[in-house]
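Engineer: Handing you this structure, nothing more for now.
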Amino acid sequence: MSDEIRPSAGSTPDADWDAISRFVAGESDAVESAAVAQWLATHPVDAAVVALVKARADRATVRSEVSVDTERALAAVRSRMTEAPSLTVDRSGTRTYHIAGRSARRWRGPAFAAASARAAMVGIAQWRGGNAATEHVYATQVGQRDSVKLLDGSTVVLAPGSRLTVAAGFNGSNREVWLEGAAFFDVKHDGAHPFVVRSRGAEIRDIGTVFSVKTDAKGRVSVAVTHGIVALRDTSAGSAAPVELRAGDRGVLQAGTVAVARGTVTDEDMAWTRGQLAYRDAPLAEVQADLRRWYGIELQVRDSVLARRTLTASFRGDSAAQVVQVIALALGADVVQRGDTILLQPQGPGSTPNP
């Protein structure tokens with residue numbers, strides 16, 4: 001789902017470059033790290049590229065607080081980029097980074113790979129490091145993920161079609177970010193300066209945590225905690241007391257009410273960070289939001305009975321048509337398609353299935 005990376009000469013097409021990018025950035029879990037290491041051991045050409053990027057990233061980290069986007073660095077090493085990342089600065093000084101699609105050409109052997117690695121890492125350090133005194137906005141396009149390492153050492157994996165705003169002055173007494181869409185946060189704990197995520201009236205305050213935040217088509221904000229503790233509060237309710245969520249807990253804020261399900265979070269809740277969409281009794285509003293972000297599809301369900309159904313399914317590398325078909329079958333619905341808009345309606349006479 002992330003930017004396409006075309007295989008170089010001598011490269012093997014079965015490489016999972018999303019996983020390799022996380023491996024280089026130090027974001028993989030133990031299982032994924034072992035799998036990537038084993039794969040690289042049998043693919044020396046790709047291993048050499050990864051080593052170049054990792055060495056440069058390690059040196060950049062030692063020298064300064066500037067973060068390195070390893071996914072983009074790997075893409076730069078493995079292909080010539082004819083389109084540079086787009087950066088716009090408005091009059092207020094806010095910087096917006098768009099993770100843009102790009103055309104790629106095959107790189108021309110080890111010499112070009114080494115030169116690309118040096119150029120990519122220097123350029124990325126300048127581009128992504130930024131100025132802590134300036135508000136920064138990171139935005140992903142439909143179907144594209146991005147990983148961002150913040151100046152305080154925290155890591156954010158941004159889902160497709162999402163937007164993360166990092167407050168001006170971040171890394172001092174102010175560690176606030178604003179999210180629209182979905183993101184996974186691995187927060188570096190600082191008891192004196194808590195990490196705060198704000199999204200649609202929700203305030204998620206870290207108490208040393210790994211968690212995800214997702215917004216859906218009905219305005220709900222869902223927080224799933226995999227490690228540590230967060231405090232979830234409805235800021236629209238004035239002095240409302242925060243609700244504490246611990247590892248395994250899920251909190252959903254909707255219409256001023258926080259509903260908590262204890263011990264229900266599983267690895268599937270974080271599957272999207274690995275390029276997989278996994279649902280277990282998921283409300284259709286969540287599915288609608290994901291399809292918009294991942295595929296650019298507007299899913300409409302006008303029938304009230306159908307809209308109350310939930311979905312249990314998983315997708316990895318499936319086309320938009322395949323995903324829609326599985327959803328329709330699982331819900332017992334017919335599909336009517338009009339451009340990028342998909343209407344699900346009850347099966348039976350009068351419906352017009354999409355061929």
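Engineer: Among the residues of the stretch 21-32, count how many are closer than 22 Å to Leu150 by Cα and touching a helix residue (DSSP H, G or I) at 6+ places or on another chain (Cβ under 6 Å).
Structural biologist: So the answer is 5.
Engineer: While we're on this one: For Leu343, which of the numbered conditions (1) more than 19 Å from Val223 (Cα to Cα); (2) over 20 Å from the mean Cα position of the chain (by Cα); (3) loosely packed, with under 14 Cβ neighbours inside 10 Å fails to hold?
Structural biologist: For Leu343, the failing item is (3).
Engineer: Now for a different question. For a quick check of your reading: which strands (runs of 3 or more DSSP E) sit entirely within the stretch 215-333 and have at least 3 residues that are surrounded by fewer than 15 Cβ atoms within 10 Å (Cβ to Cβ)?
Structural biologist: Result: 257-261, 310-316.
Engineer: Is it true that Gly172 is under 26 Å from Arg308 (Cα atoms), surrounded by fewer than 19 Cβ atoms within 10 Å (Cβ to Cβ) and not charged (D, E, K, R)?
Structural biologist: No: the conditions fail for Gly172.
Engineer: When the residues of the stretch 169-180 are filtered to those that are within 22 Å of the chain's Cα centre (by Cα) and at pLDDT below 90, which remaining residue is farthest from His193 (Cα to Cα)?
Structural biologist: If we take residues in the stretch 169-180 being within 22 Å of the chain's Cα centre (by Cα) and at pLDDT below 90, then Phe170 is farthest from His193 (Cα to Cα).
Engineer: Considering each of Val50, Val31 in turn, give the residue that is within 24 Å of the chain's Cα centre (by Cα) and either buried (at least 16 other Cβ atoms within 10 Å of the Cβ) or at pLDDT below 65 (or both).
Structural biologist: Unique residue meeting the criteria: Val50.
The values are calculated or read from the model by the stated rules, or taken from the named source; none is laboratory data. Owing to the predicted nature of the structure, the values given are computational and were not obtained by experimental measurement. Positions of Cβ are backbone-derived with ideal geometry, glycine not excepted, and every protein chain shown enters the neighbour counts.
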